[in-house]
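The values are calculated or read from the model by the stated rules, or taken from the named source; none is laboratory data. All of these numbers come straight from a predicted model, not from anything done at the bench. Here the Cβ is made from the backbone with ideal geometry for all residues, glycine too, and neighbour counts use every protein chain on show.
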Amino acid sequence: MARPGNTEEFREVARRRLPQPLFDYIDGGADDERTLKRNSAVFEKRSLVPHGLVDVSRINCGASILGQQLSMPLILSPTGMSRLFHSGKELAVARAAADAGLLYGLSTMATTSIEDVAAASNGSRMFQIYIFKDRGLTNELVDRCAAAGYHALCLTIDTPLAGNRERDRRSGMTIPPRFDLRSLVSYALHPRWLLDFLKNPDFRLANVVHRVDALASGPTGLIEYVNAQFDPSVTWEDAKLLVRQWKGPFVIKGVLDADDAIRARDIGATAVMISNHGGRQLDGVLAPLETLPEIREAVGDTIELIVDGGVRRGSDIVKAICLGADACSIGRPYLYALAADGENGVRGLLEILRSEFARTLALMGKESVHMLNRGSIV
Ligand code: FNR
């Protein structure tokens, strides 16, 4: 295939490059994957309303979010275990994001440390945190992020326990990968991935491994790890304490309605990420784009709104902004690109999204992001 020219083409290359259990781990969602499908389907239901005879010889894609000036209103959402997909792992994604002028979100479940990402990239960085039963570990992560100069902290609130990923069960996905007869065939059929994998087969959770190394020992996979380590008793009180402890820009990720967005604002969050975890947690919920207008209506301009889930094209970002988002965020698209071609792949994808976004603005007759509004979409 020629060089991938859009997200779907990167997905296709990733599908061929990765052993099936790993591709399914990225691509899949919870239960029947209804929410997963809905996330991107809702973008198709919305239509843009362009205006002609406007001077669009200079397009300004820039946007400000979480106090960071970005080249366009796009964030790279936190995703765990990048080492499984390419040896470039989180470092490759963070570097590509920094060079593209975008904000990178590093996950608690990352295979690269907070400090290594900070040393490798001077771009805008956010750390996504979970609250562990061991609160000492959570506090330590916050302190490390502050010391390493992270610009924002993001608390994910949709994972009190792990979602039901049936595709992973069917495909024999385990973390770390275990080579039973079924999965062995798929791994053996992908020698290119296998060679890259063998370069440095270390996918321990880099930020917590010194405290809880459940992944590297015993029969536990990621789901058991989450259920054993994350604290399911966390409430808004805990979130409020974390906001106070961090002091800087703070995101609550996993909000799907106006009440929670108002609560997030009231405890001092800078932004909410309207998100259903890419359809990987509770199946049967609304897509972020659907809930956005009601949330914007309820909060006015008192808190920033980021739409996360189903964004695949620059025109999707334009649609979300027309409906009231300050920015969008992507997860799977950059993982497909990482799996397809490491850092080069992610750079290529981000450049494609930027040119799609700029072209959409021009074809809409809008010189800048600020000119998009409810009148630009039906
Ligand atoms: C995720 N996501 C996620 N979210 C989070 O807060 N912490 C995490 O560790 C992870 N890990 C993770 C792994 C993988 C493989 C995927 C695909 C996703 C969810 C992610 O941040 C984001 O919400 C979704 O990926 C957005 O949907 P799209 O862009 O993938 O459609």
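Here's the yes/no breakdown for (1) surrounded by 22 or more Cβ atoms within 10 Å (Cβ to Cβ); (2) within 24 Å of M109 (Cα to Cα); (3) free of Cβ contacts under 8 Å to residues at least 12 places away in the same chain:
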site: V307; (1), (2), (3): yes, yes, no
site: D316; (1), (2), (3): yes, no, no
site: K319; (1), (2), (3): yes, no, no
site: D326; (1), (2), (3): no, no, no
site: Y334; (1), (2), (3): yes, yes, no
site: L338; (1), (2), (3): yes, yes, no
site: R347; (1), (2), (3): no, yes, no
site: L350; (1), (2), (3): yes, yes, no
Practice task
Give the stretch 240-266 a look and list any residue that's of a type outside the set (D, E) and under 20 Å from the mean Cα position of the chain (by Cα), or say none.
Solution key: P249, F250, V251, I252, K253, G254, V255, L256, A261, A264
Exercise for the section: Kindly check whether there is at least one residue in the stretch 53-61 that is among the acidic types (D, E), over 23 Å from L323 (Cβ atoms), more than 16 Å from the ligand (Cβ to nearest atom) and touching a residue at least 12 places away in the same chain (Cβ under 8 Å). Expected result: yes
Fill in the blank from the handout: Scanning the stretch 64-79 residue by residue, those surrounded by 21 or more Cβ atoms within 10 Å (Cβ to Cβ) and within 20 Å of L349 (Cβ to Cβ) turn out to be I65, L70, M72, P73, L74, I75, L76, S77, P78, T79
Handout entry: Within the stretch 267-326, considering residues that are acidic (D, E), over 18 Å from the mean Cα position of the chain (by Cα) and in a helix (DSSP H, G or I), the one farthest from the ligand (Cβ to nearest atom)
Key = E297
Handout entry: In the stretch 66-84, the residues that are out of contact with any helix residue (DSSP H, G or I) (no Cβ under 8 Å at 6 or more places or on another chain), hydrophobic (A, V, I, L, M, F, W, C) and within 16 Å of the ligand (Cβ to nearest atom)
Key = L66, I75
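Scanning for something modelled with pLDDT of 90 or more and either in contact with an Asp or Glu (Cβ under 6 Å, 6 or more places away or on another chain) or not in a helix (DSSP H, G or I) (or both), does the stretch 209-224 turn up at least one residue?
First, the residues of the stretch 209-224 that are modelled with pLDDT of 90 or more: none.
Scanning the stretch 209-224, I find no residue that is modelled with pLDDT of 90 or more and either in contact with an Asp or Glu (Cβ under 6 Å, 6 or more places away or on another chain) or not in a helix (DSSP H, G or I) (or both), so the answer is no.
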Exercise for the section: Please verify whether the stretch 339-362 includes one or more residues that are in contact with a Leu (Cβ under 9 Å, 6 or more places away or on another chain) and within 11 Å of the ligand (Cβ to nearest atom). Expected result: yes
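Residue by residue, here is whether (1) closer than 30 Å to T35 by Cα; (2) surrounded by fewer than 20 Cβ atoms within 10 Å (Cβ to Cβ); (3) at pLDDT 85 or above; (4) out of contact with any helix residue (DSSP H, G or I) (no Cβ under 7 Å at 6 or more places or on another chain) holds:
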site	(1), (2), (3), (4)
E140	no, yes, yes, yes
H151	no, yes, yes, yes
T156	yes, no, yes, yes
P160	yes, yes, yes, yes
N164	yes, yes, yes, yes
R167	yes, yes, yes, no
M173	yes, no, no, no
F179	no, yes, no, no
Problem - Hits in the stretch 285-322 - residues which are among the hydroxyl-bearing types (S, T, Y) and more than 17 Å from D158 (Cα to Cα) - result: T302, S315
Fill in the blank from the handout: In the set F203, F179, the lone residue that is under 20 Å from the mean Cα position of the chain (by Cα) and more than 23 Å from A271 (Cα to Cα) is F203
Practice task
Consider only pairs whose beta carbons are under 6 Å apart and that are at least six residues apart or on different chains; among these, list those whose first residue lies in the stretch 82-109 and is closer than 12 Å to S124 by Cα and part of a strand (DSSP E or B) and whose second residue is more than 9 Å from the ligand (Cβ to nearest atom) and of a type in the set (S, T, N, Q).
Solution key: L103/Q68; L103/S124
Handout entry: Number of the exception - Q128 against (1) within 14 Å of the ligand (Cβ to nearest atom); (2) surrounded by fewer than 20 Cβ atoms within 10 Å (Cβ to Cβ); (3) not β-branched (V, I, T)
Key = (2)
